[in-house]
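**Q** Sharing a structure below in structure tokens format, with a few things to ask.
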Amino acid sequence: MDAAVRSSLEGLWPCGEVACTGLHGANRLASNSLMEAVVAAGWVAESLVGASRPRRRRISSSFVPQRPDPSCVRPVVSEALGIIRDGETLRQAVAALLQIASHNAAASDPAVATLMITLAPLRREESRGSHYRYDFPGRDADIRPSRLTLKMAMQAAVALTWPAPARST
């Protein structure tokens, strides 16, 4: 996001929590999120006043994308992304989600989104808020924002799963 609240995608202005302005600080209460949405909406409106209209792209009506099907992703989420977490379970979830995301199937998009959601707490080696890590029960006093792009997530997932660890028999 730039100073005019624009994203890197032409014609897209993030608003509210997704804008990651830091306005709400570390406290993630629902009322703070609503306040951020109101404030960020004002910033977006100011930015839109001076923006040029993006040209419309024609989408071929012959292409109909698959409807996302998160059914095979749900068990992974239930197992790995509860309130109590641990690194090994998160790593197993990354491997399973990468496998699903790698195929061009109805579950690919939900798997990619969930893969990013899974990598965030795996990278954060601490217990934070209501999420507790068995393997990292302490809380880091230094709160820093983090950034995880799709490219970073896919690279991290591949690095975690390749080469596959040797199994002992």
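The values are calculated or read from the model by the stated rules, or taken from the named source; none is laboratory data. Everything quoted here is computed from the prediction, not taken from an experiment. Don't worry about glycine lacking a Cβ; one is built from the backbone with ideal geometry, like all the others, and counts go over all protein chains shown.
**Q** Going by what's in this entry, would SER8 be described as exposed (fewer than 10 other Cβ atoms within 10 Å of the Cβ), within 29 Å of LEU97 (Cα to Cα), outside the structural domain of HIS103 (by TED's automatic domain parsing) and at pLDDT below 80? Step through it out loud before you land on a result.
**A** Working: exposed (fewer than 10 other Cβ atoms within 10 Å of the Cβ): yes; within 29 Å of LEU97 (Cα to Cα): yes; outside the structural domain of HIS103 (by TED's automatic domain parsing): yes; at pLDDT below 80: yes.
Yes.
**Q** Return the only residue of ARG147, ARG124, ARG128, ARG139 being touching a strand residue (DSSP E or B) at 6+ places or on another chain (Cβ under 7 Å) and farther than 25 Å from ASP69 by Cβ. If you could, list the steps in order and put the result at the bottom.
**A** Working: ARG147 fails: touching a strand residue (DSSP E or B) at 6+ places or on another chain (Cβ under 7 Å); ARG124 fails: touching a strand residue (DSSP E or B) at 6+ places or on another chain (Cβ under 7 Å); ARG128 fails: touching a strand residue (DSSP E or B) at 6+ places or on another chain (Cβ under 7 Å).
Exactly one of ARG147, ARG124, ARG128, ARG139 is touching a strand residue (DSSP E or B) at 6+ places or on another chain (Cβ under 7 Å) and farther than 25 Å from ASP69 by Cβ, namely ARG139.
**Q** Here are some residues: VAL44, VAL38, VAL49. Which one is modelled with pLDDT of 75 or more and buried (at least 16 other Cβ atoms within 10 Å of the Cβ)?
**A** Working: VAL38 fails: buried (at least 16 other Cβ atoms within 10 Å of the Cβ); VAL49 fails: buried (at least 16 other Cβ atoms within 10 Å of the Cβ).
VAL44 is the lone residue from the list that is modelled with pLDDT of 75 or more and buried (at least 16 other Cβ atoms within 10 Å of the Cβ).
**Q** Considering only residues of region 112-135 that are outside any helix (DSSP H, G or I) and in contact (Cβ under 8 Å) with a residue 40 or more places away in the chain, which is surrounded by the most Cβ atoms within 10 Å (Cβ to Cβ)? Steps first, answer last, please.
**A** Step one: list which residues in region 112-135 are outside any helix (DSSP H, G or I), which gives 124-135.
After this cut, where a residue has to be in contact (Cβ under 8 Å) with a residue 40 or more places away in the chain as well, the list is 129-135.
Working: GLY129: 10, SER130: 8, HIS131: 14, TYR132: 16, ARG133: 20, TYR134: 12, ASP135: 12.
Result: ARG133.
**Q** Separate question: With the condition kept exactly as written, say whether any residue in region 64-84 is touching a strand residue (DSSP E or B) at 6+ places or on another chain (Cβ under 9 Å), in the same structural domain as ARG124 (by TED's automatic domain parsing) and buried (at least 19 other Cβ atoms within 10 Å of the Cβ).
**A** Checked against the condition, which is being touching a strand residue (DSSP E or B) at 6+ places or on another chain (Cβ under 9 Å), in the same structural domain as ARG124 (by TED's automatic domain parsing) and buried (at least 19 other Cβ atoms within 10 Å of the Cβ), region 64-84 yields no hits at all.
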